[in-house]
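Below is one structure, written out as structure tokens; the observations come after it.
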Amino acid sequence: MDTKTKKTLRTLLILLAIPVCLKAFMHYGRAVWVPVYYSITGQRTVKSALYDIQFKAYNRLEPYLERVGVRYPPTGLTLIAIKDQKQLEVWFEQEKGPVFIRSYHIEAASGDSGPKLQEGDGQVPEGIYRITGLNPNSSYHLSMKIDYPSEFDRKMARQDGRDNLGGDIFIHGDRASAGCLAMGDEVIEELFLLVADAGIANVKVIIAPVDLRRTAAPLPANAPDWVPNLYNSIERELKRYKRPGFEKDKIIRSEKGRIL
């Protein structure tokens, strides 16, 4: 192969590599380019973000709402995340009781079974939480902030003598996460719309290590002694949320009430 041919092939390879690298940067480099983009174009508001997404997001949701015959918008909303199954369920709160709408696959959620204990442990929190804000300018398309650490989290930290609990836990778009729930861009649009229309004060988020309606959660190694009580409280909360035909398996406990 002569020198001219080699240069031509090298040029072609570079030209082919450019769009691949650009696509990878647009996806994985969001934390770098999104803030720059919004600094140039201006920050979006929640209202403008909803204007951009509401029609296509509602059209994707509509068949699920029609199937169960619920009114929209919901007066209350519950999101249930099951960590080991990587599933997030959406329930409308109705006068007759909670109504299951649909479930979504969680694209990414770092860590293992067990609550979040400190900054940098990579754990997704476990417990009963609220949404404290909607972020239309997220590096991950859109995001919704969870109120971790909750009062329960802070109380247990004081009991354990822990500090630096971390924070900034979100449900967001994209497919990568460190301590958050990454749902993908289309799904976060639907969740963002649902939460905005329900009103963040009317939204509850339950995050469980396993589906405690069906089975008991294995205690993580070196778990603090309050973790069984946490799992008991999550289990009690989940009792309200049973899909048609959903049977709860027997949960075996020791004499001290510790989940086995």
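Every number in this text was worked out from the coordinates using simple rules, so none of it is lab data. All values derive from a computational prediction rather than experimental measurement. In this analysis, Cβ positions are derived from the backbone assuming ideal geometry, glycine residues included, and neighbour counts consider all displayed protein chains.
At-a-glance table
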read-out	value
Proxy reagent accessibility, fewest Cβ within 10 Å first, across Met144, Met156	Met156, Met144
Local electrostatic count, Ser113, Cβ distance below 10 Å [Lys/Arg +1, Asp/Glu -1]	-2
Order of Phe55, Phe152 - criterion: other Cβ atoms within 10 Å of each residue's Cβ, fewest first	Phe55, Phe152
Relative contact order (%) - criterion: Cα under 8 Å, at least six apart; region: region 118-212	36 percent
Difference of contour (0.36 nm per residue) and Cα-Cα distance, Asn164 to Glu151	3.2 nm
Of every Cα-Cα pair in region 46-238, the percent that sits beyond 28 Å	23 percent
Rounded FRET efficiency, nearest 0.05, which uses the C-beta distance separating Trp226 from Asp52 and R0 of 45 Å	0.55
For region 182-216 versus region 69-144, the gap between their alpha-carbon centres in whole angstrom	3 Å
Ordering of 108-120, 168-180 by burial proxy (mean other Cβ atoms within 10 Å per residue, highest first)	168-180, 108-120
Restraint check, Lys96/Lys204; Lys86/Lys155; Lys47/Lys116; Lys86/Lys242; Lys83/Lys155; Lys96/Lys239, Cα-Cα greater than 26 Å	Lys86/Lys155; Lys47/Lys116
Proxy reagent accessibility, fewest Cβ within 10 Å first, across His105, His141	His105, His141
Environment charge of Asn59, counting only residues whose C-beta is closer than 12 Å and scoring Lys/Arg +1, Asp/Glu -1	-3
